Amino acid sequence: MAIVGVLVITKRGAFHRFPFFKFISMNKYSSTSIDRLHTCVPTLQILFSHVIKKFDNTIIHGQRTPEFQFELFQKGRELIGGVWVVVDRKKVVTNCDGTKIKSRHNAEPLSEAVDAVPYPTMYSDIDTIRHFAGYVLGIADMLYSYGAIEEVICGIDWDNDKDLHDQRLFDAVHFQLKR
Ligand SMILES: [Ca+2]
Ligand SMILES: [Zn+2]
């Protein structure tokens, strides 16, 4: 929430905003987001404690149990002849089943990945999601150059080569340790 001006009564008795009196309060995570962020490695906790100040967002997932990972893995897939086959690519959210192929969300003791979406638009506005991904990566690069955090990558550009069209899984709300 931000207070973007003050209300004053003019001669006409109307209320007007004076935008030059700007008192911008910083965003804060909900207790749910904080609990989720606390399941992640220090790099992600530090990074998002900076990101939240100027770009409001919600932490969707930190650490995931193998069972929950498998639930996500089944989205867009069907069990055909004992094998999980992709039947709807648009619904696929992960290629990791949580057991044979572990996600960075399954790392122990702390998750090496976090999913975060802009607030309040959440998943509804893909432009804002892309803008947010770039913002997070910019802050991450700066903190990394200061030696404050480890290198971080995003599922908008898995190999981090700035070519966004050389990958099959688009996951712009996913951030993880590069290593
Ligand atoms: Ca790329
Ligand atoms: Zn993720």
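Some points to look at:
- Percentage of interatomic Cα-Cα distances in the stretch 29-128 larger than 24 Å: 31 percent
- In degrees, nearest ten, helix 126-145 long axis to first principal axis of the chain (Cα): 90 degrees
- Computed over the alpha-carbon pairs of the chain, the distance histogram in 10 Å steps reads 9, 31, 32, 15, 8, 4, 1, 0 percent, short to long.
- Length gained when the stretch ASP127-VAL85 is fully extended (0.36 nm per residue, less Cα-Cα span): 12.1 nm
- Compared with the dominant principal axis of the Cα atoms in the chain, helix 42-54 is inclined by about 30°.
- Euclidean distance between Cα centres, the stretch 105-122 to the stretch 125-158, Å: 13 Å
- Nearby lysines by direct alpha-carbon distance to LYS178 (threshold 30 angstrom, same-chain neighbours under 8 apart not counted): LYS28, LYS53, LYS54, LYS75, LYS90, LYS91, LYS100, LYS102, LYS162
Rule-based calculations on the coordinates, nothing more; no lab input. In this text, all values refer to a predicted model and were calculated from it rather than measured experimentally.
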